[in-house]
Protein chains: 2
Amino acid sequence: MNDVAAAAGVALKTVSRVVNSEPGVNAVTASRVQAAIERLGYRRNDSARILRRGRTASIGLVIEDVADAFHSSLIRAVEDAALHHGCLLFTGSSREDAARERDLVLAFCARRVDGLIIVPAGSDHGYLAPEFEAGIKAVFADRPPGAGCEADTVLCDNAGGARTGTAHLIAHGHRRIAFLGGSPRIFTAAERLRGYRQALAAAGLPYDEGLVVMGAPDPPRVGADLTRLLTAPDPPTALLAGNGRTTVEILRALASLTGSSDAGAAGGLALVGFDDFELADLLGVTVVAQDPARLGRTAADLLFMRLSGDEEPTSRIELATRLVPRGSGERPPLSLRDRTAS
Amino acid sequence: MNDVAAAAGVALKTVSRVVNSEPGVNAVTASRVQAAIERLGYRRNDSARILRRGRTASIGLVIEDVADAFHSSLIRAVEDAALHHGCLLFTGSSREDAARERDLVLAFCARRVDGLIIVPAGSDHGYLAPEFEAGIKAVFADRPPGAGCEADTVLCDNAGGARTGTAHLIAHGHRRIAFLGGSPRIFTAAERLRGYRQALAAAGLPYDEGLVVMGAPDPPRVGADLTRLLTAPDPPTALLAGNGRTTVEILRALASLTGSSDAGAAGGLALVGFDDFELADLLGVTVVAQDPARLGRTAADLLFMRLSGDEEPTSRIELATRLVPRGSGERPPLSLRDRTAS
DNA sequence: CTGAAAGCGCTAACAC
DNA sequence: GTGTTAGCGCTTTCAG
C-alpha cells in the first residue's frame, strides 16, 4: 500500500480510501491510484485489515463428515448464506470424534471467526466458555450442545419423525416392527428410538427389546442383525431404519439374503427409512425425510442475526420432517410362510 | 498477551514463548505464565500471528458443488491432508459459475492463504497472474486451468475411461452405442466424448452423430433425449452415460418409460455409467469409476510439496479409472422387438 | 534464560 | 479532499 501511494504520489490513507471505495476521493486522484494499483498488481492484505478492524468476516463450520449427503447439503446452505453476507467459510469434519471437534472449533476461534455453526460430536462444550466470554457467537445444528452450554440450536424433529414413520407402518397393519438405529449415545438416534416407542405406546403395542438394535451402521453388523431378527421366532413384518446409512445397508442385506436385485420389494418386508437418500425414489423406499438445506439455512440465519447484534434469549428450533410414501412402507404384513413362498 | 504478562509478572515475550512452547523458558516461570493464561482465559490471536509471520497456515479449496458426491469426497481427502499439515481450510462452491470461482479465489488470496486447490469452472485464469507473481501456489483438480496458466494439475483419465467403457460394450456385441454426456464446453465431458469416439474408431465402428447427446443433466431433458433415441429408426442397444447425474437420470427415465422399478434391467438396454455412485451396486449398474478421494489426496500432496519449497516444473497427473462390471454393462444387444416382447 | 524495541499492513480518529 | 499519527496483537531481532 505504501508502494502504491508512492507510485501514485499520494498518501497511504488515500490508497486505503480507494481500495475500500470510501467516499470523498477526487475522481482524478482515484483513477491515478487505481492505475498504480493495477500496474503494481497490488491486492489488499486482509490479514492486516482483520487485525485492525477486529472482525474477520468469516465463520467456522464443523460438521460430522463432508462426504455424507446430509452434511454436504447443510454445508451448501451455509455456504450460500455466508456468500450472501460477504463471509468466508472455514470448514472441517469432526468424524464423530469429540477431540477433533474441539480442536477444529478452537482453531477457528484462534483465527477469530465471527461465528460458529457446529454439528457437535462431543457432549461436553465447556471448552467454549472462554470463547463465549470473548463474545463469539455459536449455533448448534442437528444435535444440541452438551449440558451447561447455552446457545441457539436447530434440530430436526427426530422423535416426531420416528413416531410418524412407526405410526405409518402400524396403520398399514403391522404389529411387529423392528427398529434398527444408530448408536444410542448419539442424540438423534436416541430421539428416534423415543419416537418409535411413543408410537408403539400410542397404538397400545408392546415394546419388545428383541426388536430393537442400536449401533454403528457398518455393513456386516447390519447384515448380521437383520438375519438374527428375521430368523427369530415371531419375526418382524416391518422395519424402521434409524438413519440413512442403515437404510441403505438394510437394502443391501435384504438383496443378498433374498438374492433379488429388486431390493425395495425384498422379502415382502415393509420398510421405512429415516432420512431421505438419492435414488430412494427409484428403489421405492418410503422415508421420513429431513431437510438438511433448511437446517443449514436456519442455523446460518440465526447466526447472522446474532452477528448483527441480536441479543434475544437463545432459541431452540425443531424442523418438521415429512413422510414420503414410495411403496416399501405401504406393504401389508406377510407371515414368514407367505414371504418364503413369494 | 500484555495482560497475561502483567499478571504473571513477566515480559510479553516470555508469554509468547510459553504460548508457542518455545524452548528456553524456566519451568517455574512457564507454569506461572500458564496459570495466568488459564486464569484470564487467554487465547492467542492467530490473525496477528499470521500478519507478523506471513504464513497463514490455511489453504483455499474451490470446487463445483459441495453437495455433489464426487466433490465432497474430494474435499474430505483435502481436509485430511490439511489437518495433517496443521492447516485450516477455506471452502467454497463455484456452482459452475466462472465469476463466482474468481471471486472466491481472489477472496482467499486476499486472506493470504498459503495455497489453493481449484476445480475450475471458468476457462480463463488470467486473474491469477498477480497472485502467482506474489508467490501463491495453486493446484488444479479434475479440470485443467485455462490456456496460459501454468500450474500443477491432477485429472482423471477421462478419455481412457470412456474408451474402456465403450470398448466393454463393444466386446459384449454392441454396435450401436449412444453417448449421453454433459455440456461439451466442460473439459471432462469433451474428453469423455473423445474417448468414446476413439473406442468406436478402434473397433472400426462408424461415429453416428444421431447417437450423441450433450447437455446439462436435468431430468426432463435426459428423459426427452432418451425417448427420442429409443424411438428413432435403428435405435441404440447400449448407452454410455457421460457423468453420474446423467446415469441416474437415465435410470429414472428408463424406469418411467418401462414402468419397471427394476431400473437396472429396464428395457434390456445395456448401460455403462461414467463415475460411480452410491447404490450402483444394488441397482446392478456397471460403471467406469473415478477416484475422487485419490484426486483430492494427490492434489493436496502436490500443493504441500510446493509449499515446502519444491520448485520442480509443473506436472500434470492423470489418475486411472476402473471399470466395475455389475450387470447392466454386460447385457447382450437386443433388437427392439426382443425388448418390447420381454 | 529473559526482556525491549521494531514493525507486519492495515484502518480509525483526527488534523489540515 | 487529503494527510498524519497511533496502534490492532503478535513475532523477530538483538541486547542483557
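The values are calculated or read from the model by the stated rules, or taken from the named source; none is laboratory data. As the structure is a computational prediction, the values presented were derived from the model and not from experiment. Don't worry about glycine lacking a Cβ; one is built from the backbone with ideal geometry, like all the others, and counts go over all protein chains shown.
Annotations
- Enumeration of residues in region A:1-46 that are within 13 Å of another protein chain (Cβ to nearest Cβ), within 7 Å of DNA strand C (Cβ to nearest atom) and part of a helix (DSSP H, G or I): A:Val19
- Condition check for A:Glu249 on (1) away from chain B (no Cβ under 14 Å); (2) modelled with pLDDT of 95 or more; (3) farther than 23 Å from A:Ala171 by Cβ: one failure, at (1).
- Given (1) under 30 Å from B:Leu116 (Cα atoms); (2) at pLDDT below 95; (3) among the hydroxyl-bearing types (Ser, Thr, Tyr), number of the condition B:Thr321 does not satisfy: (2)
- Conditions (1) of a type in the set (A, V, I, L, M, F, W, C); (2) modelled with pLDDT of 95 or more; (3) surrounded by 17 or more Cβ atoms within 10 Å (Cβ to Cβ): number failed by B:Ala201: (3)
- Test: residue in region A:57-70 that is within 11 Å of DNA strand D (Cβ to nearest atom), more than 9 Å from chain B (Cβ to nearest Cβ) and at pLDDT 90 or above: no
- Any hit, region B:72-87, residues being more than 13 Å from every other protein chain (Cβ to nearest Cβ) and within 16 Å of DNA strand D (Cβ to nearest atom): no
- Residues of region A:60-92 satisfying the condition of being aliphatic (A, V, I, L, M) and under 19 Å from A:Gly244 (Cα atoms): A:Ile63, A:Val66, A:Ala67, A:Ala69, A:Leu74, A:Ile75
- In region A:47-56, residue farthest from the other protein chains (Cβ to nearest Cβ) [restricted to those that are crowded, with 18+ Cβ neighbours inside 10 Å and within 8 Å of DNA strand C (Cβ to nearest atom)]: A:Arg49
- B:Val66 of a type in the set (A, V, I, L, M) and in contact with a Lys or Arg (Cβ under 8 Å, 6 or more places away or on another chain): yes
- For region A:69-87, a residue qualifies if it is in a loop (DSSP other than H, G, I, E, B) and at negative phi, and the qualifying residues are A:His85, A:Cys87.
Condition check ((1) free of Cβ contacts under 8 Å to residues at least 12 places away in the same chain; (2) buried (at least 22 other Cβ atoms within 10 Å of the Cβ); (3) over 30 Å from B:Ala201 (Cα atoms); (4) among the charged types (D, E, K, R)) across all residues:
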{"site": "B:Asp103", "(1), (2), (3), (4)": "yes, no, yes, yes"}
{"site": "B:Gly122", "(1), (2), (3), (4)": "no, no, yes, no"}
{"site": "B:Pro130", "(1), (2), (3), (4)": "yes, no, yes, no"}
{"site": "B:Glu133", "(1), (2), (3), (4)": "yes, no, yes, yes"}
{"site": "B:Ala141", "(1), (2), (3), (4)": "no, yes, no, no"}
{"site": "B:Gly146", "(1), (2), (3), (4)": "no, no, no, no"}
{"site": "B:Cys156", "(1), (2), (3), (4)": "no, yes, no, no"}
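- Put simply, of A:Gly54, A:Gly41 the only residue that is on the phi > 0 side of the Ramachandran plot and within 16 Å of DNA strand D (Cβ to nearest atom) is A:Gly54.
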